[in-house]
Structure formats: structure tokens, C-alpha cells
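K.L.:
Dropping the structure in here first, questions after.
Nothing in this text is a laboratory measurement; each read-out follows from the coordinates by a stated rule. As the structure is a prediction and not an experimental result, all values here were calculated from the model. Every residue, glycine among them, receives a Cβ derived from its backbone with ideal geometry; neighbour counts consider all protein chains shown.
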């Protein structure tokens, strides 16, 4: 998923590499929290992740608004109609 974000949004300059890296770190943190290898994190760490997530969602919303609605197969790159 991160590679697809990079190819489709970072390379053309629509998202920054840092934004995609932050998204990846948030995904990894969630996985560790869900499956028990994360012993916990501080309120400050959670707030930092949440702020980066808000920025990512805000930017993604702007991009989706600009590109218009997509059919599910358009989002995954597969499928035919």
C-alpha cells in the first residue's frame, strides 16, 4: 500500500514523502498495539501520531475532492466493468 501511495501520489508531488512515511509508522504502531508487541505509548506519542493522521486525512480529502469519486476497481488498479 505504501509503495502505491508513493508511486501515485509522492512521485507526482501530490503528497510528501514524509506524510507517507508517517502513515506507514502509524500503521506499524497500530499493528504492534493490536497484536501485543507494543507495551504502551505515552499521551504525547499518541497525540503526535493523531496530529499526523489528521494532516494525512485532510490532504487525502482534498486530493479525493479534486480527483472526483472513483469506482472501487480504480482505487485498487484491478477489475473490469
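K.L.:
Out of the residues in region 28-57 that are in contact (Cβ under 8 Å) with a residue 24 or more places away in the chain and under 11 Å from the mean Cα position of the chain (by Cα), state the one that is nearest to residue 3 (Cα to Cα).
P.N.:
Just the residues of region 28-57 that are in contact (Cβ under 8 Å) with a residue 24 or more places away in the chain, to begin with: 49, 52-53, 55-56.
Checking the rest, the ones that are also under 11 Å from the mean Cα position of the chain (by Cα) come to 52-53, 55-56.
Details: 52: 19, 53: 18, 55: 19, 56: 16 Å.
Out of the qualifying residues, it is 56.
K.L.:
Restricting to region 19-46, count the residues that are surrounded by 11 or more Cβ atoms within 10 Å (Cβ to Cβ), out of contact with any helix residue (DSSP H, G or I) (no Cβ under 7 Å at 6 or more places or on another chain) and part of a helix (DSSP H, G or I).
P.N.:
Of the residues in that region, 10 qualify.
K.L.:
Of everything in region 1-18, what is exposed (fewer than 10 other Cβ atoms within 10 Å of the Cβ) and farther than 17 Å from residue 57 by Cα? Give them in sequence order.
P.N.:
3, 12
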